[in-house]
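Each value in this text was obtained by applying a stated rule to the coordinates, not by laboratory testing. Just so it is clear, the structure is predicted and the values come from calculations on it, not from any experiment. Quick reminder, even Gly has a Cβ in these numbers, built from the backbone with ideal geometry, and neighbours come from all protein chains shown.
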Amino acid sequence: MSHFKALRIHQVEKTTQARFDSISIDELSAGEVVIRVAYSSLNYKDALAITGKGRILRGFPKVAGIDLSGIVESSRDAQFKAGDEVLVTGCNIGEALDGGLAEIARVPVSAVVPLPHGLSLAEAMALGTAGFTAAMALRRMLENHQAPEMGAIAVTGPTGGVGSIAIDLFKQAGFQVAAITGKLSAESYLRDIGADEVIERQTLDFGSQPMAQPLLGARWGGAVDNLGGETLAYLTRTVKPWGNIASIGLAQAPTLATTVIPFILRGVSLLGIHSVECPREWRLDLWNKLAGDWKPRHLKTIAPREISLEDVPAVCEEMIAGKAQGRTVVRIGS
Ligand SMILES: NC(=O)c1ccc[n+]([C@@H]2O[C@H](COP(=O)([O-])OP(=O)(O)OC[C@H]3O[C@@H](n4cnc5c(N)ncnc54)[C@H](OP(=O)(O)O)[C@@H]3O)[C@@H](O)[C@H]2O)c1
């Protein structure tokens, strides 16, 4: 294929514009492995980049998409050969490097993961960066001694991709899960995927200013936070002694106004989650877990639809408006 279709983001004066372009391989960022893309997926970061609502891309024009799965066309590195099924999430694709929302991708060999047994190319993208990130949160919390007896795990932004998969993973790992959502209308969806309790975020008592009231009643065994801002501050003040909070996202705000009191009087730990760059050993281990014992049980409910490349811009607008639910897989190749 000398030319192929790609959703590229261009800089137009001080704004950005997403367009469907016909491009050649030579126009892609450098890499050892050329992949015929079968599927990609949409993450919050993709929605920010494609709608222009967030500064995600480093350099223009750039093919969008931080995730892909597909078949190797050619490889200049002996670890992969033509015909291999692979996946790529994060590793700067769709940010500093060209990404997965195109019929062909070219990526550094260090980013490529052999598709683990137990996952199809479509399932790999139903999980995508969101699933990988939720799995990293579970791994880090278990390593830091989070246990079901400590109490329920609060998951914020639970109707989103990371939150939905986190509910499924933690429930399957033996934890009670409380979904703290802005959309009570999604209660039956959240219970279907494993939430034991569904709480409307707006009904929580965030207390007075965190600085004046640094501890509230201890309620959660631990937490997976996708929102940041006052919600994360609330979690630091309400997690029980020795509980962990995995800090993943900033859908509400990038700020955190709290005190050190929860850390020094309750032994609470705030664990950073960074899915883009992590040791390759963790990456391979987490993908093997996601294909094996940790494989979410409700993936079909969480990712019920496949859209086409042409549908991507409209679905990204829905995500930014907070209207999307679960995961969206983008079907690209046959
Ligand atoms: N650290 C990492 O490596 C990493 C990896 C992946 C994602 N992330 C971040 O994690 C967050 C979630 O990602 P995602 O892909 O799951 O996104 P998503 O599918 O768009 O879901 C985000 C969820 O957050 C809630 N939400 C959205 N806008 C909000 C707002 N303005 N105020 C409060 N709540 C809001 C909604 O859940 P409810 O309506 O149920 O509350 C929404 O479903 C994002 O900030 C993303 O950038 C970080």
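To one decimal place, what orientation-averaged projected area in nm² is obtained for the convex hull of the Cα set of the chain? It is 16.4 nm². The range 316-330 and the range 209-248 have Cα centres separated by 26 Å.
In the chain, Cα pairs under 8 Å separated by at least six residues give a relative contact order of 19 percent. Across 298, 274, 117, mean-square fluctuation computed from a Gaussian network of the chain (C-alpha pairs under 10 Å connected) peaks at 117.
Mean residue ellipticity at 222 nm, helices only, the chain: -8000 deg cm²/dmol; runs of at least 4 DSSP H residues each add -39,500 (n - 2.57), and the sum is divided by the number of residues.
Beta bridges per DSSP, both residues in the chain: antiparallel share near 55 percent.
Taking a straight line from the alpha carbon of residue 240, these aspartates and glutamates sit under 20 Å away, with near neighbours fewer than eight places off in the same chain left out: 143, 149, 196, 197, 205, 225, 230. Pairs from the table (183/300; 14/62; 171/295; 171/323; 183/295) lying more than 23 angstrom apart at Cα are 171/323; 183/295.
Dividing the alpha-carbon radius of gyration of the range 151-299 by the rule-of-thumb value 2.2 N^0.38 Å gives 1.03.
In the range 130-272, Cα pairs under 8 Å separated by at least six residues give a relative contact order of 23 percent.
For the chain, modelled as a GNM whose springs connect Cα atoms under 10 angstrom apart, the maximal fluctuation among 112, 260, 177 occurs at 260.
Listed peptides 141-151, 190-200 appear in the order 190-200, 141-151 once ranked by packing, highest mean of other Cβ atoms within 10 Å at the front. The relative contact order of the range 158-218 comes to 30 percent, based on Cα pairs under 8 Å that sit 6 or more residues apart.
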